[in-house]
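The values are calculated or read from the model by the stated rules, or taken from the named source; none is laboratory data. Values in this document were obtained by computation on a predicted structure and should not be read as measured data. As a convention, Cβ positions derive from the backbone with ideal geometry for all residues, glycine included, and neighbour counts pool all protein chains shown. These area figures cover heavy atoms from the full protein model, side chains too; ligands, DNA and RNA do not enter into them. Shrake-Rupley method; radii C 1.70, N 1.55, O 1.52, S 1.80 Å.
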Amino acid sequence: MGKTITGFSKLDKIEKINWLTEAYFKGDNRFVKILSQYWNNDQKLQTLHDEFIENTITNFYLPLGIAPNFEIDNKTYAIPMAIEESSVVAAASNAAKFWQSRGGFKTSVISTKKVGQVHLDFNGTSKALLDFFNAIKASLLKATSEITKNMESRGGGITAMELRDKTDVLDGYYQIHVNFETMDAMGANFINSCLEQIAKAFKFHFDANDEIEGDLEIIMSILSNYVPECIVKAEVSCHVEELSHKNINGSDFAKKFVRAIKIAQNEPYRAVTHNKGIMNGVDAVILATGNDFRAIEAGVHAYASRDGRYRSLSDAKIENGIFTFSIELPLALGTVGGLTKLHPLVKLCLNLLQNPSAKELMSIVAVAGLAQNFAAVKSLVTTGIQEGHMKMHLLNILNQHQASSTEKEIIQAQFKEGNVTHKAVVDAIEKLRQ
Ligand code: MEV
């Protein structure tokens, strides 16, 4: 049975750990040992991490891997990926190398519009509220001027604002729908501050006006993580013959590949897994560059179902012997603000990516998603996914069984050609140890 506590947040780190040890680990000190193994010796660095969130007791590591040789819009990148799943970095690297000799990846940022909304209830007439809104719209914008000043000097700010009558979806429901341009910032704080200021000013003007009939209540003000107009496109293309490799015929491969994509475009069970593969690449770069992967995930999956059915985010075609594989992703990203200057590894990853603008990062992330998808579907329609996956997983199995470096070397050599299964690896370890 779990125990409860009041004032947990008031305890210091050691007190928190002591309480957890007693309450959940029967006083077993191995719990403390594991936690403390992950503390950083550099106290300043540890404090920095402690203070990212509340109630920190230790750090939670993810491996940071590099997928080199990405040719994107004629620039070369080594892409940092923070991810725990084996074979993702290897797959990205393989896809990068494959396309490097076939023209590389081409991208274009189609739009960068971000959105926020003030949600409100009003029980008067729609016309009265709309007229009132239009009459005070300039004052609402003026109310945000202190917040928008800096962003405007960088070329961004509020780009449009309108009152939307949503009473068809919910009785009495309206929203002030605001568009933003946030340049190189993800802009969550900026957008939310603007929205709260707009809501406050709207309520103030409403209360000061005794002509408009009805009651107004502000429900909430918040940005939207649905960004269907903050879109980047990435693609690769080559003649189908250039897809021939090893014992694969390029034309047959291209046809099978396109068929697999069509299946993912029309069958939700497959589409979800297909898109999960894309997000393996996307999330890993999002994490490494200090962006919010939950926001990206939510927005991307909503975009995948924008026509009412959940579909593949990528597309493929063969036209006049040319194979084209592309992806369109909604990505609201930042390369300034947030964790970007704060987290030393995030800073390093952005340096490694040659300090991209938010638009360039959108391109890099979309490419990572497309590369990952290419690698996954290529395996699926040729060898099957398990061959490569289990080869990478081999090391995890060896580590689970505390294999020494010599044991690892011997067993990895043994499985270079053979089929890796969990049982076969365990048998091999046992045999070696006899
Ligand atoms: C595994 O993490 C991702 C895949 O399932 C993606 C796919 O099926 O396309 C291999």
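Along the positive direction of the dipole of the chain (beta-carbon charges: Lys, Arg +1; Asp, Glu -1; about the Cα centre), which of 371, 250, 27 reaches farthest?
250
Only Cα pairs under 8 Å and at least 6 apart count here; give the relative contact order of the chain as a rounded whole percent. Intermediate values should be presented prior to the final figure.
On the way: 684 pairs, mean separation 73.8, N = 434.
Answer for the chain is 17 percent.
Please report, in debye to the nearest 20, how large the charge dipole of the stretch 56-210 is about its Cα centre when each Lys and Arg carries +1 at its beta carbon and each Asp and Glu carries -1 there.
Numbers: 15 positive and 17 negative charges, 111 e Å.
In total the dipole reaches around 540 debye.
Setting aside same-chain residues fewer than 8 positions from residue 33, which lysines have a Cα under 20 Å from its Cα?
13, 16
Between 313, 395, 352, where does the largest GNM mean-square fluctuation fall for the chain, given springs only between Cα atoms within less than 10 Å?
Among 313, 395, 352, the largest mean-square fluctuation in the Gaussian network model of the chain belongs to 395.
Size of the dipole of the stretch 127-221 about the Cα centre, Lys and Arg at +1 and Asp and Glu at -1 on the beta carbon, nothing else charged, in debye to 20? Please list the in-between numbers first.
On the way: 9 positive and 16 negative charges, 86 e Å.
For this selection, approximately 420 debye.
Could you state how much accessible area residue 102 has, in square angstrom rounded to the nearest 10, with a 1.4 Å probe and all protein chains kept in place?
40
Roughly how far apart, in whole Å, are the Cα centres of the stretch 1-45 and the stretch 207-271?
Here the answer is 43 Å between Cα centres.
Over the chain, with a Gaussian network built from C-alpha contacts below 10 Å, which listed residue (337, 308, 299) shows the highest mean-square fluctuation?
Greatest mean-square fluctuation among the candidates belongs to 308.
Quick check: residue separation of residue 294 and residue 111 times 0.36 nm, minus the Cα distance between them. What number comes out in nm?
Values: separation 183, 0.36 × 183 = 65.88 nm, distance 2.10 nm.
Using 0.36 nm per residue and subtracting the Cα-Cα distance, I get 63.8 nm.
Compute the long axis of helix 13-24 from its Cα atoms, compare it with the longest principal axis of the Cα atoms of the chain, and write down the angle in degrees, 0 to 90, nearest 10.
70
Using helices alone, I'd like the mean residue ellipticity at 222 nm for the chain: each DSSP H run of four-plus residues gives -39500 (n - 2.57), total over residue count, nearest 500. Don't skip to the answer; put the middle values down first.
Working: 15 runs with 209 residues, N = 434.
When only DSSP H runs of four or more count, the value is -15500 deg cm²/dmol.
Given Cβ point charges of +1 (Lys, Arg) and -1 (Asp, Glu) and nothing else, what value in debye, to the nearest 20, does the dipole of the chain about its Cα centre take? Intermediate results must be reported in sequence, preceding the final value.
Numbers: 46 positive and 49 negative charges, 313 e Å.
It comes to approximately 1500 debye.
Run down the lysines and flag those whose C-alpha is under 30 Å from the C-alpha of residue 431, throwing out any fewer than 8 positions away in its chain.
Result set, ordered by chain and number: 391, 408, 416, 423.
Using only alpha carbon pairs under 8 Å that are at least six residues apart, calculate the relative contact order of the stretch 262-352 and give it in whole percent. Provide the component values of the computation, followed by the final result.
On the way: 96 pairs, mean separation 28.6, N = 91.
Normalised by residue count, the contact order of the stretch 262-352 is 31 percent.
Testing the spin-label approximation: label points 7 Å from Cα along Cα→Cβ at residue 210 and residue 387. State their distance in nm.
Result for the modelled spin labels: 8.3 nm.
Connecting C-alpha atoms closer than 10 Å in a GNM of the chain, tell me which of 398, 243, 361 has the biggest fluctuation.
398
For the pair residue 399 and residue 164, what calculated FRET efficiency results from E = 1/(1 + (r/R0)^6), where r is the Cβ-Cβ distance and R0 = 41 Å, to the nearest 0.05? Mind showing how you got there, number by number?
On the way: r = 54 Å, r/R0 = 1.33.
Efficiency computed from Cβ-Cβ geometry: 0.15.
Output the relative contact order of the stretch 354-433, whole-number percent, from Cα pairs under 8 angstrom with separation of 6+ residues. Before the final figure, lay out the partial values.
Values: 25 pairs, mean separation 23.3, N = 80.
The normalised contact order for the stretch 354-433 reaches 29 percent.
In a shell of Cβ-Cβ distance under 14 Å around residue 218, excluding residue 218 itself, what net charge do Lys and Arg (+1) and Asp and Glu (-1) give? Spell out each step's value before the answer.
On the way: positive: 200, 203; negative: 121, 196, 207, 215, 217.
Neighbourhood net charge equals -3.
I need the peptides 403-411, 8-16, 367-375 ranked by packing, meaning the mean over residues of other C-beta atoms within 10 angstrom, with the highest value on top. Kindly include the intermediate steps, with their values, before the conclusion.
Values: 403-411: 14.3, 8-16: 11.9, 367-375: 28.9.
Highest mean packing first, the order is 367-375, 403-411, 8-16.
Got a number for the accessible area of residue 77? Probe 1.4 Å, square angstrom, nearest 10.
Here the residue's solvent-accessible area equals roughly 20 Å².
What are the lysines whose alpha-carbon lies under 27 Å from the alpha-carbon of residue 166, with same-chain residues fewer than 8 places away excluded?
Once the sequence-local lysines are set aside, what remains near residue 166 is 113, 114, 127, 137, 142, 200, 203.
Choose one of 177, 87, 337: the residue whose Cα lies farthest towards the positive end of the charge dipole of the chain (beta-carbon charges +1 Lys, Arg; -1 Asp, Glu; about the Cα centre).
87
Any of 262/317; 233/317; 276/341; 75/276 with alpha carbons more than 20 Å apart? Name them for me. Intermediate results must be reported in sequence, preceding the final value.
Numbers: 262/317 9 Å; 233/317 15 Å; 276/341 29 Å; 75/276 27 Å.
Cα-Cα > 20 Å for 276/341; 75/276; rest within.
Excluding residue 176 itself, what net charge comes from residues whose Cβ is under 10 Å from its Cβ, given Lys and Arg +1 and Asp and Glu -1? Show your work: numbers first, answer last.
Details: positive: 137, 164; negative: 162.
Cβ neighbours under 10 Å give a net charge of +1.
Students often check this: by mean Cβ neighbours within 10 Å, which of 83-92, 36-45 ranks highest, and how do the rest follow?
Working: 83-92: 20.4, 36-45: 11.0.
Highest-to-lowest ranking by the protection proxy: 83-92, 36-45.
Percent of accessible area on the chain owned by carbon and sulfur, 1.4 Å probe?
On the way: 12120 of 23060 Å².
Carbon and sulfur atoms account for 53 percent of the accessible area of the chain.
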